[in-house]
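Below is one structure, written out as structure tokens, with a few remarks after it.
Only the coordinates and a few stated rules stand behind these numbers; no lab work does. All values reported here derive from a predicted model rather than from experimental measurement. Every residue, glycine among them, receives a Cβ derived from its backbone with ideal geometry; neighbour counts consider all protein chains shown.
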Amino acid sequence: MVAAVLAGLSLLSLLTCGYLAWGSRRGGAGEAPGNLLGEEPAAGAPRSQPHIIFILADDQGFRDVGYHGSEIRTPTLDKLAAEGVKLENYYVQPMCTPSRSQLITGNWVTGLIDIVLIRVLSKGCPAFMRWFSHVDGHREFRLSQHPHSFSIALVTLQTMTNFTTVSQKLFRDTSSLIHKNRVALKQLKQQLSRETKLDPDKAVLHVIRAVAFLGKVPWSGMEQLYQIHTGLQHSIIRPTQPNCLPLDNITLPQKLKEVGYSTHMVGKWHLGFYRRECMPTQRGFDSFFGSLLGSGDYYTHFKCDSPGICGYDLYENDNAAWDHDNGIYSTQMYTQKVQQILASHNPRKPIFLYIAYQAVHSPLQAPGRYFEHYRSINNINRRRYAAMLACLDEAINNVTLALRKYGYYENSIIIYSSDNGGQPMAGGSNWPLRGSKGTYWEGGIRAVGFVHSPLLKNKGSVCKELVHITDWFPTLITLAEGQIDEDIQLDGYDVWETISEGRRSPRVDILHNIDPIYTKAKNGSWAAGYGIWNTAIQSAIRVNHWKLLTGNPGYSDWVPPQAFSNAGPNRWHNERVSWSAGKTVWLFNITADPYERVDLSARHPEVVKQLLRRLSQFNKTAVPVRYPPKDPRSNPKLNGGVWGPWFKEDEKKKKSDKSKGANKQKKIKKKKKKANRKKGQSFHCRSHLAEWESLKVTSARQNSGSVLCVLNKCAMRFAINVETKLSSTATAKEISEERATPLLIIDVHNNPVLEEVPVGFQYTPR
């Protein structure tokens, strides 16, 4: 019961669902019906809340826009940017999933208790972390989202805290921090009142004391929560992985719906779909039309993850969009869908349109007519890429024309961004920046971006202030007249005044990432990191003008335009630097050296140390990476030939008559065994421990007995270390009786271990 209560800390997701039908038609890159040029806006004054159109391109290189000197023509993008504000110090993440997750969610600090639990249990019971890292992938990381895992963690955590004391100052400081998070606190108390007989205010004291137990939580380092707190800090979400955007994260469309917006998504999702709750329509969008995966054929919409694992990937809301499988190029088809949405919506009501084009991600495909201007490009990949980008530019022109025709434009904000840097092997160019997609060099994370809107004050300007993709969340909610509690901390900052009026950016740093499971640098060490940081770990951070990289930052060449003169990027044309053997730390002044040509780590060791300490501070609040192995149930052959949700909560409840009978016999034996036990006798779990040591856990529910034995043993060891006078053979119940600690006993899965473990306590300030 207590576990269920505390689960309320992160139950903040608002589920919405909608449907919007449309008819398909052929044409150019989403040509709107009729001649849109010169059309007058539809009658009716728009509301004060602006229409928000966020256009996200896929894998567009930093150089691959006309105003950055590209040979590829992008007249629409050039014109929109020239009349708006160009973002020339704008950062994203180096790959698809991380950028999209940081755009669409604010990473609310309601995961604080989860972080604290993990840190306490890591310190007091390493066995728990070894167990938890093997929990089947269909479970989200957030402990508080899963009462079965959460209750097990609380058993150990609260047993440990029963034998510790907390100073009044520490308790007071922690209490202040918890109470600042008013949204989580309110929902926790509501859950307590609804599901228990406990006094909500007293129950909150239990939580505060558990948090205060840490003593040295770096609260100051938690003002900004990055992907290291979502478990998505490694790579992308693969099609066969049981993984998705954490369900307890409130999303941008959910916040916009709260203030009256109609929310629609068209294009590439790539934030996980293994269960229905992960789908776009369950994360705040009224309608969704597009693909769930990271890539696929532009015409057939099929995707093969590996030989024999292939399926269809085009959705309308929660169902496969077979009716729209007409062989239309996806860039054009998505634009047509956007036009249909605009035509059917009332422009007097605010709309949020998230258009995530598949282009210019591989496979490199484009309609023939877009190759006309690029026959002279010898490199076949670059030529195809150029045609794809030309089609994308035309599509965006048709979107803006539709905004004018249907009466949205004058009260609209159009934001354009790439999700990461370009991939030279797939035709993309980041010149003159270093590196490529998937790396933490500037070529992987510095993106094309601009804002176009009649609402801008400084139109036709260039913004060189620091902006990150996480900043869109608070910026757009504020513009939409939404509410963000000033005490709730987010990743991003409201940068509208920075963009619109040319003011200084409130952002001074960016944690690009810390990836603890990426291939370690062979020569990295704690010594190379001055004992502050293990430089074998891939990480990157920006603070003011300084940027630090450690570990293996990825492909580090500069790829100039002449490298595309042949059939493929010729590395002989690339500019390469042979670093001294064993190098695992780089420091650059990005303001003075945006191309990362002069490493300053040897000249400024004190700056290196400062940034390493900042990395270490962030890392103390990180959660384990969620990167589960592939699930065979994901095979589209098992789902009607379609990529889609495959995990269902009730699958384990479906049992044959034979298995039911077997379970009944087990329950009878268990009941007899329980009756034969003497009152106060310690549950002997040595056999369970032996079982657990070699166990690959597949379900917290199935193996709770074994895990509880391990955690109970950890708790006892901790308690004994604190109270040296206690006997090593004492049970949890005997220890608690000796301490005269009032107990609140709950029963999870009728497990006898829990009869001897205190899972609640009362706290009286001293």
- Return the distance in nm (one decimal) between the two label points of a simple spin-label model at residue 610 and residue 545, each offset 7 Å from Cα along Cα→Cβ. 1.1 nm
- Could you go through segment 412-419 in sequence order and give the Karplus-derived ³J(HN,Hα) for each residue, using 6.51 cos²θ - 1.76 cosθ + 1.60 with θ = phi - 60°, rounded to whole Hz, and x for Gly and Pro? 10, 10, 9, 10, 10, 7, 8, 7
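Provide the FRET efficiency to the nearest 0.05 for the residue 461-residue 484 pair, computing r from the beta carbons and using R0 = 30 Å. Mind showing how you got there, number by number?
Values: r = 27 Å, r/R0 = 0.88.
Approximately 0.70, to the nearest 0.05.
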- Task: Determine ³J(HN,Hα), in whole Hz, for all residues of segment 365-371 in sequence, where each value follows from phi through the Karplus function 6.51 cos²θ - 1.76 cosθ + 1.60 and θ = phi - 60°; x replaces Gly and Pro.
- Result: 9, 7, x, x, 5, 7, 8
- Note on the structure: By the C-alpha gyration tensor axes a ≥ b ≥ c (rounded if a/c is under 1.5, else prolate when a/b exceeds b/c, else oblate), the shape of segment 266-385 is oblate
- Query: Any idea which of 534, 455, 505 is furthest toward the positive side of the dipole for segment 453-543, if Lys and Arg beta-carbons carry +1 and Asp and Glu beta-carbons -1?
  - Reply: 534
- Message: Give me the one-decimal nm value for the distance between modelled label points at residue 565 and residue 276, 7 Å along each residue's Cα-to-Cβ direction.
- Response: 5.9 nm
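Which FRET efficiency value, to the nearest 0.05, do you get for residue 598 and residue 530 by plugging their Cβ-Cβ distance into 1/(1 + (r/R0)^6) with R0 = 22 Å?
Efficiency computed from Cβ-Cβ geometry: 0.55.
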- Item | For segment 443-456, Karplus couplings with θ = phi - 60° (6.51, -1.76, 1.60), whole Hz, Gly/Pro x | x, x, 10, 8, 10, 5, x, 7, 10, 10, 6, x, 7, 5
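Let me know the Kirkwood hydrodynamic radius for segment 463-530, please, with Cα pairs as the basis and the value in Å to one decimal. Display every interim value, and only then the final one.
Values: mean 1/r = 0.0682 Å⁻¹.
In segment 463-530 this quantity evaluates to 14.7 Å.
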- Quick one: which residues, 5 or more positions from residue 420 or on another chain, have an amide H under 5 Å from its amide H? H modelled 1.01 Å from N in the peptide plane, none for Pro or chain starts. 59, 60
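Distance check, please: which entries in 520/609; 464/520; 583/609 exceed 25 angstrom between their Cα atoms? Walk me through the intermediate numbers first.
Values: 520/609 20 Å; 464/520 34 Å; 583/609 16 Å.
Pairs exceeding the cut-off: 464/520.
Would you mind ranking 371, 54, 285 by Cβ crowding within 10 Å, fewest neighbours first?
Numbers: 371 15, 54 20, 285 28.
The fewest-first ordering by Cβ neighbours comes to 371, 54, 285.
Place a +1 charge on the Cβ of each Lys and Arg in segment 436-522 and a -1 charge on the Cβ of each Asp and Glu, then give the dipole magnitude about the Cα centre in debye, rounded to the nearest 20.
Values: 10 positive and 13 negative charges, 138 e Å.
Computed about the Cα centre, the dipole is about 660 debye.
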